[in-house]
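The values are calculated or read from the model by the stated rules, or taken from the named source; none is laboratory data. As the structure is a computational prediction, the values presented were derived from the model and not from experiment. Because the Cβ atoms are built from the backbone with ideal geometry, glycine has one as well, and the counts that use them run over all protein chains shown.
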Amino acid sequence: MEQGVVAASITLTHPHGLHLRVGRDVVLVANRFSAEITAQNLTRASPVVDAKSLVQLMQLQARPGHVLRVQAAGPDAQDALRALCQIFEESPHQ
Amino acid sequence: MGRIALVIVSHSRQIAEGVAELAAQMAQDPIPLVAVGGIADGHGGYTLGTDAHALVAAICRHWQPDGVLLLADVGSAVISAETAIALLPPEMQPACLISNAPLVEGAVIAALEASLGHSLGRVNAAAEAAAFIVKCPQSEG
């Protein structure tokens, strides 16, 4: 992987998958960082989408149990990825 | 940070208020957001329909110099929105835009984009892109 690029695979555990509230949180958090942040639904082999856009995140059609790959590239990529992973760790309880 | 206002327009007061309620949940901070729906029946209630004069009042009350995006349901809601804009003072008209977005999905996305401080054009583009969201997957992964 290129320097300054980090990625993580996240399995959706919430019964509603990537539901609206989590999607909102992803967009709001992603927009705090300058890094380019993308997401892909590996389970559906979806296109790679911009995680700063709710419209694009909706294209992932992510359901419970689906695996998402979130990637961040840029100076604050590490912080961005950490913040986004935290959303998914907390989402089953929302 | 600049901020636009959203006006939800529906033939039904309940629909307008429900959409506004849902959209408001999407914003990271409260945004200027108003629901205008139905026609006052003079007895404290509302009948189905749209009221351009009520829209004018709502736009003026929630005016944002960065712009006002109107999201409407169908048919005459758009006509009422057009009439309302035409009734505004000339200097306010260029900052008002009627979205081609689907009402619910568009409002949800617009509220999120507006709360990020995005411009009127950018918010509207995101809202209108909602028309192309595929809700039901064709096949399960």
*Hey, can you tell me all the residues within segment B:112-141 that are under 22 Å from B:Ser12 (Cβ atoms), in contact (Cβ under 8 Å) with a residue 40 or more places away in the chain and more than 9 Å from chain A (Cβ to nearest Cβ)?*
none
*Looking at segment B:64-81, which of its residues are modelled with pLDDT of 95 or more and within 13 Å of the chain's Cα centre (by Cα)?*
B:Gly67, B:Val68, B:Leu69, B:Leu70, B:Leu71, B:Ala72, B:Asp73, B:Ala77, B:Val78, B:Ser80, B:Ala81
*If only one of B:Ala23, B:Ala27, B:Ala101, B:Ala86 is in contact with a Leu (Cβ under 8 Å, 6 or more places away or on another chain) and in a helix (DSSP H, G or I), which one is it?*
B:Ala23
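Against the definition (crowded, with 18+ Cβ neighbours inside 10 Å and either at pLDDT 95 or above or more than 23 Å from B:Pro137 (Cβ to Cβ) (or both)), how does A:Ala62 come out, yes or no?
Values: crowded, with 18+ Cβ neighbours inside 10 Å: yes; either at pLDDT 95 or above or more than 23 Å from B:Pro137 (Cβ to Cβ) (or both): no.
Here the answer is no, as A:Ala62 does not meet what is asked.
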*Kindly provide the set of residues from segment A:12-23 that are within 13 Å of chain B (Cβ to nearest Cβ) and surrounded by fewer than 21 Cβ atoms within 10 Å (Cβ to Cβ), ordered by number.*
A:Gly17, A:His19, A:Leu20, A:Arg21
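Go through segment B:30-50 and give me each residue that's part of a loop (DSSP other than H, G, I, E, B) and over 17 Å from the mean Cα position of the chain (by Cα).
B:Asp41, B:Gly42, B:His43, B:Gly44, B:Gly45, B:Leu48
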_segment B:1-48 - residue that is surrounded by fewer than 20 Cβ atoms within 10 Å (Cβ to Cβ) and of a type in the set (Ser, Thr, Tyr) and, of those, nearest to B:Val68 (Cα to Cα)_ = B:Ser12
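From the list A:Gly74, A:Gly65, pick out the single residue that is within 13 Å of chain B (Cβ to nearest Cβ), over 11 Å from the mean Cα position of the chain (by Cα) and touching a residue at least 12 places away in the same chain (Cβ under 8 Å).
Working: A:Gly74 fails: within 13 Å of chain B (Cβ to nearest Cβ).
Exactly one of A:Gly74, A:Gly65 is within 13 Å of chain B (Cβ to nearest Cβ), over 11 Å from the mean Cα position of the chain (by Cα) and touching a residue at least 12 places away in the same chain (Cβ under 8 Å), namely A:Gly65.
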_In segment B:104-141, residue farthest from the chain's Cα centre (by Cα) [restricted to those that are exposed (fewer than 15 other Cβ atoms within 10 Å of the Cβ) and assigned to a helix (DSSP H, G or I)]_ = B:Phe132
